[in-house]
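Written below as structure tokens is the structure these notes are about.
Only the coordinates and a few stated rules stand behind these numbers; no lab work does. Since the model is a prediction, treat every value here as computed from it, not as a measurement. Cβ coordinates were reconstructed from backbone atoms using ideal geometry, including for glycine residues, and neighbour counts include every protein chain displayed.
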Amino acid sequence: MKHTDIKEIFNATDIINQTVTVCGWVRTSRDSKNVAFLEINDGTSLKHLQIVIDKALDIEYEPALKLGTSVKVEGTVVEARQGSVEINATSISVIGTCPPEYPLQKKRHTLEFLRTMPHLRGRTNTFNAVFRIRSVMAAALHNYFQSRNFVYVNTPLITGSDCEGAGEMFQVTTIGYSQDYKNEEEYYSSDFFGKKAGLSVSGQLEGEVAAMAHGKIYTFGPSFRAENSNTPRHVAEFWHVEPEIAFAELPDVIEVAEDMIKTVIREVLDKCPDEMKFFDDHFEKGVIAKLEDLISNEFGVISYTDAVKLLQESGQEFTYPVEWGCDLQTEHERYISETVFKKAVFVTDYPKEIKSFYMKQNPDGKTVAAVDLLVPGVGEIIGGSEREGDYDKLVAAMKERNMNLDLYTDYLDLRKYGSVPHGGFGLGFERLIMYVTGITNIRDVILYPRTVGNVR
Ligand code: 4AD
């Protein structure tokens, strides 16, 4: 590279008096009598680099004063206040001009306003920090699994079988339905795959296939949900981390989930101190202390049955009344993690009727070995379970749900050929980023959010 990253200029130990070339977008500028100043940012660092222009040097600097202009600067690195560095420019060239209607002006814009320009918002401090945290966290997740013998697998995004069975699958088709088809069957058989296909809501079923060969696997890719839920926690395309572990029971799954969350957050705190300070200052006061606290304490564990009792005895007025068998609503989940435990908490062993077909049936005949991880402020960030390893019980659960067994022959075969106890979970990557940054809307932690009525 012919230019140096701004991050490297700040991090270098022996750079004073060196001549460097840096590039970036102008974030602020100031023109005074004898000197002009630019602050530029190239996206590698949260901090802007100050460029000092001595007007006596006859550098053509005026076109570079406009916000948003992209520039290349050559100059000498010199010490600045508070142990920082800046550049005394010897030449400045404008790479791309930027007109005054540039939407990102100096003032602080609201997140709602910035959501209308996903192509530009990355140039603000907030999104500079969000997307670096996202990147470091993705690498930390890979590091976590890679260093513990998990094999990274890429499960298909187009699938013929529904994992969660909640009717939330986007259909994949090359032909629209028309009255010309006698029935659905004829329509689907004329389509690209010759049968109904959709975008995967989870890589779990194929993840189990891989775990039955490699022992420990994880996926990290997009999942799609055609949920009509317009909430700050749902997007139609989210990134899903799904480990699957052979020879493991529910407590093992819980152990991995807790260890993964703590290890990844530790790495982010260590690698992104500037970004985390930024979130602490501007989005959630005390977020760093919250995360340190999370790392140094055991997560809570409570069974669904005990959680229901606790909610019923809380004396709290809920919009949705609680009774055994109901799905826990956000208000219930928040009460459990924010008011009762005041920390991350695993809720286990849910009624089988409200959970998926593949979960291991507990001996009580009423519950399954499921687990959700709830965190204060965000709610559920992980959903997982031990899987039913018994062929007959699995088939019975599928029949109860009127599922077409022919679509799940691979999955059922795993229970025929050397079945083992196994389990895993799905982490909503964006939800973890929300928890770590204190950003309260999922649309602000993904480059291009896809939600009901919104695709760009
Ligand atoms: O609880 P879910 O539906 O579990 C599964 O999909 C399992 N097959 C995972 C597994 O065991 N391998 O989803 C897992 C997580 C949720 O806890 C949530 O964090 C996230 O995925 N998630 C979403 N995130 C954003 N937008 C949505 N619409 C989401 N739906 C689920």
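If you count, for each residue, the other Cβ atoms within 10 Å and average over each peptide, how do 396-402, 284-290, 199-205 line up from highest to lowest?
Ranking the peptides 396-402, 284-290, 199-205 by packing returns 199-205, 284-290, 396-402.
Of G83, N17, P421, which is farthest towards the positive pole of the chain's charge dipole, taken about the Cα centre with +1 and -1 on the beta-carbons of Lys, Arg and Asp, Glu respectively?
The Cα lying farthest towards the positive end belongs to N17.
What are the semi-axes of the equivalent ellipsoid for the chain, taken as the square roots of 5 times the Cα gyration tensor eigenvalues, largest first, in whole Å?
Details: eigenvalues 474, 135, 89 Å².
Working through the eigenvalues yields semi-axes of 49, 26, 21 Å.
Measure out, as a whole number of angstrom, how far apart the alpha-carbon centroids of region 329-406 and region 230-259 sit.
The distance from the Cα centre of region 329-406 to that of region 230-259 comes to 12 Å.
Could you go through region 404-418 in sequence order and give the Karplus-derived ³J(HN,Hα) for each residue, using 6.51 cos²θ - 1.76 cosθ + 1.60 with θ = phi - 60°, rounded to whole Hz, and x for Gly and Pro?
7, 4, 4, 7, 10, 5, 4, 4, 6, 4, 4, 7, 8, 10, x
Positive end of the charge dipole of region 297-454 (Lys, Arg +1 and Asp, Glu -1 on Cβ, about the Cα centre): tell me which of T348, V371, M434 has its Cα farthest that way.
Result: M434, furthest along the dipole toward the positive end.
If the cut-off is a Cα-Cα distance under 30 Å, which lysines reach K352, setting aside same-chain residues fewer than 8 apart in sequence?
K195, K196, K216, K262, K309, K342, K343, K360, K366, K393, K399, K416
Output the antiparallel fraction of DSSP beta bridges having both residues in the chain, as a percent to the nearest 5.
90
Hey, what did the chain get for relative contact order, percent, Cα under 8 Å, at least 6 apart?
Reported as a whole number, the value is 13 percent.
Provide the net charge surrounding M359, with neighbours chosen by a C-beta distance below 13 Å and charges set as Lys +1, Arg +1, Asp -1, Glu -1.
Working: positive: K352, K355, K360, K366, R387, K393, R401; negative: E164, E208, E249, D349, E353, D372, E386, E388, D390, E400.
Once positives and negatives cancel, what remains is -3.
Which residues' amide hydrogens lie under 5 Å from the amide hydrogen of S303, considering only partners 5 or more residues apart or on another chain, with H built in the peptide plane?
Counting only residues 5 or more places away or on other chains, the set is T348.
Once you have the alpha carbon radius of gyration of region 115-231, what is it after dividing by 2.2 N^0.38 Å, with N set to its residue count?
1.42
Convex hull over the Cα atoms of region 176-280, averaged projected area in nm²?
For region 176-280, the mean projected area of the Cα convex hull comes to 11.3 nm².
Tell me, what HN-Hα J-couplings in whole Hz come from the Karplus equation 6.51 cos²θ - 1.76 cosθ + 1.60 at θ = phi - 60° for each residue of region 292-302, using x for Gly and Pro?
4, 5, 4, 5, 8, 10, 5, 6, x, 9, 8
What does the charge count near I217 come to, summing +1 for each Lys or Arg and -1 for each Asp or Glu among other residues with Cβ under 14 Å from its Cβ?
Overall, the nearby charge balance is -1.
Which whole-Hz couplings ³J(HN,Hα) result when phi for each residue of region 44-50 is put into the Karplus expression 6.51 cos²θ - 1.76 cosθ + 1.60, θ = phi - 60°, listed in order with x for Gly and Pro?
After applying 6.51 cos²θ - 1.76 cosθ + 1.60, I find 7, 9, 6, 6, 8, 9, 7 Hz.
Collect residues whose amide H, placed 1.01 Å from N in the peptide plane, falls under 5 Å from the amide H of T90; neighbours closer than 5 in sequence don't count.
Placed amide hydrogens put E74, G75, T76 under 5 Å from T90.
Semi-axes of the equivalent ellipsoid for region 150-200, please: Cα gyration tensor eigenvalues, times 5, square-rooted, ordered largest first, whole Å.
Equivalent ellipsoid of region 150-200: 26, 12, 8 Å, largest first.
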